[in-house]
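Notes for the one structure printed next.
The values are calculated or read from the model by the stated rules, or taken from the named source; none is laboratory data. As the structure is a computational prediction, the values presented were derived from the model and not from experiment. FYI the Cβ positions are ideal-geometry reconstructions off the backbone, even for glycines, and counts take in every protein chain you see. Calculation scope for accessible area: heavy atoms of the full protein, side chains included, ligands and nucleic acids excluded. Shrake-Rupley method; radii C 1.70, N 1.55, O 1.52, S 1.80 Å.
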Amino acid sequence: MNTDIYTVNSPTFLAPAKAAKATQIPETHIRRMIKQGTCPGFYSGNRFMVNTEALVALLAAQTAADTQIK
């Protein structure tokens, strides 16, 4: 049986502290983004789960936009 058709590349969701360690982005920056509503992810109860892949992509796009403006 071919199991490749059942493989799903799902994004990685981590708590803010673990996302900070995994991405080397300061935890305070991630928490500030959560408070501002700009951090990709979702609430599970009262916990916010960060979509780390989307976070890195978002910050990379913002950095690229900032360097083009200057």
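Considering Lys18, Lys70, the condition of being surrounded by fewer than 16 Cβ atoms within 10 Å (Cβ to Cβ), on the phi < 0 side of the Ramachandran plot and modelled with pLDDT under 90 is satisfied by Lys70 alone.
Looking at this structure, is Gln24 under 12 Å from the mean Cα position of the chain (by Cα), open to solvent by 90 Å² or more (accessible area, probe 1.4 Å) and modelled with pLDDT under 95? Here the answer is yes, as Gln24 does meet what is asked.
When you check Phe48 against the structure, is it in a strand (DSSP E or B), surrounded by fewer than 18 Cβ atoms within 10 Å (Cβ to Cβ) and of a type in the set (A, V, I, L, M, F, W, C), yes or no? Taking the combined requirement at face value, the residue does not satisfy it. Of all residue pairs spaced 6 or more apart or on separate chains, those with beta-carbon atoms under 8 Å, a first member in the range 10-25 that is assigned to a loop (DSSP other than H, G, I, E, B) and a second member that is of a type outside the set (S, T, N, Q) and surrounded by fewer than 14 Cβ atoms within 10 Å (Cβ to Cβ) are Ala15/Arg47. Against the test of being modelled with pLDDT under 95 and surrounded by fewer than 11 Cβ atoms within 10 Å (Cβ to Cβ), the options Ala64, Ala57 yield a single qualifying residue, Ala64. The residue that is least open to solvent (accessible area, probe 1.4 Å), among those in the range 33-45 that are in contact with a Phe, Trp or Tyr (Cβ under 8 Å, 6 or more places away or on another chain) and either in a strand (DSSP E or B) or at pLDDT below 95 (or both), is Gly41.
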